[in-house]
Amino acid sequence: MTEKFLNSFKRDKALYNELFKYLDGFSNDEKCEITVAIAERLMEMGGKDNYFAAELILINATQKYMQVSDTNYKAIVYYALGNLYENHLEHFIKAYTYYEKYTLNNTINEGSSSILLRALILRDNFTYSEELENHYLQSLGEYDLGYRNDRIYETLGAFIIAKHKGDSEKEELLTKKLKAILKGDEFFFLDFVLTKEKTPVRLQVPKKVIEYIKAL
């Protein structure tokens, strides 16, 4: 059923109902996992219709499948919605809202403060707040993969705080660092040589992040 749903060129009401009826045969825990797996596939496929379908089935999960045995099943649904709104629909207020719900239900994965810092920077268009500074300070103690996507938001957080405090010397250093991260992405193929995993990780951020840094 999941492949039929994913491969359909036209997802009408009857097809959605067929999918939801299929899911009725599983526990709520499993329904959350299956829904997220389908949504992730839809996001990978890309396109307006696929994003719409991902949003619809994830919202349906938040409305009907939240009586779970462990809150982490809720968390994966909320994280998928945050990802959808951040990286595909660019609705950053909603992205922050769902990432916040994710952090309230997540008890397994680290990095909640880093996620909220990123979402807050995007939601508030690079403006300072005490909330942002708190998330930044808390994120410093979290596990950091060291990839560009991790470094760029951590550096942006530090830059926004330095700018707010009038620390021009630090602001200048952080500006150079941000531009270097963008420049380094042009040579991402070097990650084959420089990373232990031999996996190049491209910078994946909303367009407005790149525009903001280029304008500094």
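The values are calculated or read from the model by the stated rules, or taken from the named source; none is laboratory data. This is a predicted model, so every value here is computed, not measured. Note that each Cβ is placed from the backbone with ideal geometry, even for glycine, and that neighbours are counted across all protein chains shown. For accessibility, only protein heavy atoms count, side chains too; no ligands or nucleic acids. Shrake-Rupley method; radii C 1.70, N 1.55, O 1.52, S 1.80 Å.
Could you give the angle, 0 to 90 degrees to the nearest 10, between helix 92-105's Cα long axis and the longest principal axis of the Cα atoms of the chain?
So the inclination is approximately 80 degrees.
With an 8 Å Cα cut-off and a minimum separation of 6 or more residues, compute the relative contact order for the chain in percent.
With pairs under 8 Å counted, the relative contact order is 12 percent.
Relative to the Cα centre, what is the charge dipole magnitude of the chain, using +1 at the beta carbon of each Lys and Arg, -1 at the beta carbon of each Asp and Glu, and rounding to the nearest 20 debye? Write down the numbers at each step before the final one.
Details: 29 positive and 33 negative charges, 124 e Å.
Computed about the Cα centre, the dipole is about 600 debye.
Which order, highest average first, do 153-159, 8-14 follow once you tally other Cβ atoms within 10 Å for each residue and take the mean per peptide?
Highest mean packing first, the order is 153-159, 8-14.
Between H164 and E110, what's the calculated FRET efficiency when r is the beta-carbon distance and R0 is 25 Å? Round to 0.05.
Working: r = 27 Å, r/R0 = 1.08.
The value I calculate is 0.40.
Using helices alone, what [θ] at 222 nm do you get for the chain, with -39,500 (n - 2.57) per DSSP H run of 4 or more residues, divided over all residues and rounded to the nearest 500?
Values: 12 runs with 149 residues, N = 216.
So the calculated ellipticity at 222 nm is -21500 deg cm²/dmol.
Can you give me the angle between helix 130-139 and the longest principal axis of the chain, using Cα atoms only, in degrees from 0 to 90, rounded to the nearest 10?
For 130-139 against the chain, the angle is about 90 degrees.
If the chain between N149 and N87 were fully stretched, how many nm would it gain, using 0.36 nm times the residue separation less the Cα-Cα distance? Each step should come with its number before you reach the end.
Values: separation 62, 0.36 × 62 = 22.32 nm, distance 1.22 nm.
My answer for the length gained is 21.1 nm.
Sorted by accessible area with a 1.4 angstrom probe, largest first, how do M43, M1 fall? Walk me through the numbers on the way to the answer.
Working: M43 15, M1 55 Å².
Most to least solvent-accessible, the answer reads M1, M43.
Over segment 1-59, what is the mean sequence separation of C-alpha contacts under 8 Å (at least six apart), divided by residue count, expressed as relative contact order in percent? Walk me through the intermediate numbers first.
On the way: 30 pairs, mean separation 16.5, N = 59.
That works out to 28 percent.
Please compute the per residue accessible area over the chain with all protein chains in place, 1.4 Å probe, rounded to a whole number of Å².
Details: 12100 Å² over 216 residues.
Here the per-residue accessible area is 56 Å².
Can you pull the accessible area of K207 for me, 1.4 Å probe, Å² to the nearest 10?
Taking all protein chains as shown, K207 has close to 140 Å².
Along the charge dipole of the chain, pointing to its positive end and built from +1/-1 on Cβ of Lys, Arg, Asp and Glu, which listed residue (F20, N106, Q63) has its Cα farthest out?
F20
Mind checking the angle between helix 28-45 and the chain's longest principal axis? C-alpha axes, 0 to 90 degrees, to the nearest 10.
The answer is roughly 60 degrees.
How many percent of the accessible area of segment 1-104 is carbon or sulfur, using a 1.4 Å probe?
Numbers: 2740 of 5510 Å².
Solvent-exposed carbon and sulfur of segment 1-104 make up 50 percent of the total.
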